[in-house]
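No lab work stands behind these numbers, since they all come straight from the coordinates. Being a predicted model, the structure only gives us computed values, none of them experimental. Cβ placement follows ideal geometry from the backbone for every residue including glycine, while neighbour counts extend to all protein chains displayed.
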Amino acid sequence: MNTLLNINTDYVETISTPLVFQSQPKKKVNYKIPLNKPYLPNFSKYTKYLANMYDNVWLTNNGPLLKELTVRMEEYLGVKNLLLNSSGTMALQIAYKTLNLTGNVVTTPYSFIATSNSLDWLGLKLNFADVDGQSFNLCPKNAQQAINKKTSAIVPVHVYGNPCDVNALEKIAKQHKLKLVYDAAHAFNVKVAGQSIMSFGDASILSFHATKVFHCIEGGAVVFKHKDDFEKASHMINFGINTSTGNIDNSGINGKMSEAHAAMGLVMLDDLDKILKRRLEHYCLYKTLLGDKVIYPNWHPDATQNAAYFPIIFESEKQCSRVFQHLEKNGIQSRRYFSPSLNEIEHLSRPSRTACPASQSLARRTLCLPLFVELSFKDINRVCAAVNAAMVLW
Ligand SMILES: Cc1ncc(COP(=O)(O)O)c(C=O)c1O
């Protein structure tokens, strides 16, 4: 258990009136401290892999670099049936298609838009169930209440890498014979009671976008519980072609990962321990400097931390906006991540909007602070000084 992260917050704001999302300033700013900066591993190591790709004249279609990354990634994460593909969004869609999701899906309103839009894209109806106000994750009780005759699956998200209540959700999915697909885009390398977060549910997905803890520039992965689902999905990302028989067994798409993307993943893997250590140091320094002046998500008590994000919560939207503006004035980028609450987005909430007061409240009061490997301790001190200075004003 990480005692540093097990902080209790009893505060949940209730919303009685409909709220209008206030968008962030659209102007382009050159920040002295950006929110994120992709990690760039040693260039000559990367080009060595690319030289290999040139020598092989094998650029995509299940090439040797992709196979090597699959083996090393399964080993690193301690999982089986891992399918690399072109993005986290593609990984979600492949998981939904492979598991034959139909009708409606119970999901969380507190996430990046990709979780919901990928369901909407496939013509599935979203049934938002509110989050737990302290963990930011889909509340199992609310998820259970949202299930109806047309529900085929539950799609929770391990927001900021913080694991959901996986045991409760699994029990509900079993009881109602529903598929369980976890969006673990933020949760690379996280473990619950010593077990990879990717081993829960019928499928679990990762994003390897450039801004993530581990990246392939663009890319993603699905981990399936069952081998036959893995095999079906591996044909699906190759236009539906079964490479063993040459038959076209399924509907399919081009969701493959190229050799150039796999090469980046292989170089990143070499640096991963260093990356994770550095991110955790940043995380701890933030916690030390901000202490209990702000609120933090309540972390799963048996989970490890990958320091993918540094979210802080304020008691009101007004305070949150003031800190955001003060940071901006000082050349520091922060982000109201994730805002708005997805149940407030027009095309996702038809025909009628479901109220999700905890998610809506969190979306208005949460800011993510800069967190990336190259950030210096001096930068973190500057960010925290600016947050503290803004808070002194109220
Ligand atoms: C929760 C979540 N799910 C899915 C995705 C989509 O991943 P990708 O950008 O690799 O398509 C993201 C991207 O940031 C995300 O934050």
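Here are a few things to note about the model shown:
- Overall form of the chain per C-alpha gyration tensor (a/c, 1.5; a/b vs b/c): oblate
- Projecting the Cα positions of Pro156, Asn247, Ile94 onto the charge dipole of the chain (unit charges on Cβ atoms of Lys, Arg, Asp and Glu, taken about the Cα centre) puts Pro156 furthest along the positive direction.
- Most mobile listed residue (Lys212, Lys141, Lys32) in the chain, GNM with C-alpha springs under 10 Å: Lys32
- Charge tally around Asp229: other residues with Cβ under 11 Å, Lys/Arg +1 each, Asp/Glu -1 each, net +2.
- Partner lysines for Lys32 [C-alpha distance under 17 Å; skip if fewer than 8 residues away on the same chain]: Lys329, Lys378
- Projected onto their three principal axes, the Cα atoms of region 338-394 cover extents of 50, 31, 14 Å, largest first.
- Its convex hull of Cα atoms gives region 43-266 a direction-averaged projected area, equal to a quarter of the hull surface, of 12.2 nm².
- Placing +1 on each Lys and Arg Cβ and -1 on each Asp and Glu Cβ, with no other charges, gives the chain a dipole about its Cα centre of roughly 720 debye.
- Order of Phe324, Phe239, Phe224, Phe208 under a 10 Å beta carbon neighbour criterion, fewest first: Phe239, Phe324, Phe224, Phe208
- Over all Cα atoms in region 81-209, the spread is summed up by Rg and Dmax: 13.1, 37 Å.
- Pairwise Cα distances in region 208-346 exceed 25 Å in 53 percent of cases.
- From helices alone, the chain scores -11500 deg cm²/dmol at 222 nm; the rule is -39500 (n - 2.57) for each run of n ≥ 4 DSSP H residues, then divide by the residue total.
- Entries of Lys191/Lys274; Lys225/Lys277; Lys171/Lys293; Lys174/Lys277; Lys125/Lys174; Lys45/Lys191 with Cα pairs more than 26 Å apart: Lys225/Lys277; Lys171/Lys293; Lys174/Lys277; Lys45/Lys191
- Pair-distance profile P(r), taking every C-alpha pair of region 137-223, with 5 angstrom steps and integer %: 3, 15, 26, 23, 16, 10, 6, 2, 0
- Globularity index of region 89-161 is 1.03 (Cα radius of gyration / 2.2 N^0.38 Å, N = number of residues).
- Principal semi-axes of the equivalent ellipsoid, √(5λ) from the alpha carbon gyration tensor of region 273-393, are 27, 19, 13 Å from largest down.
- Region 98-211 - percent relative contact order, Cα under 8 Å, separation 6 or more: 23 percent
- Each Lys and Arg adds +1 at its Cβ and each Asp and Glu adds -1 at its Cβ; summed about the Cα centre, region 167-256 shows a dipole of about 260 debye.
- As a proxy for reagent exposure, ranking Leu40, Leu348 by other Cβ atoms within 10 Å from fewest up yields Leu40, Leu348.
- Range of Cα positions in region 213-274 per principal axis (Å), largest first: 43, 25, 16
- For region 273-393, the residue among Cys356, Pro301, His282 whose Cα projects farthest onto the positive side of the dipole built from Cβ charges is His282.
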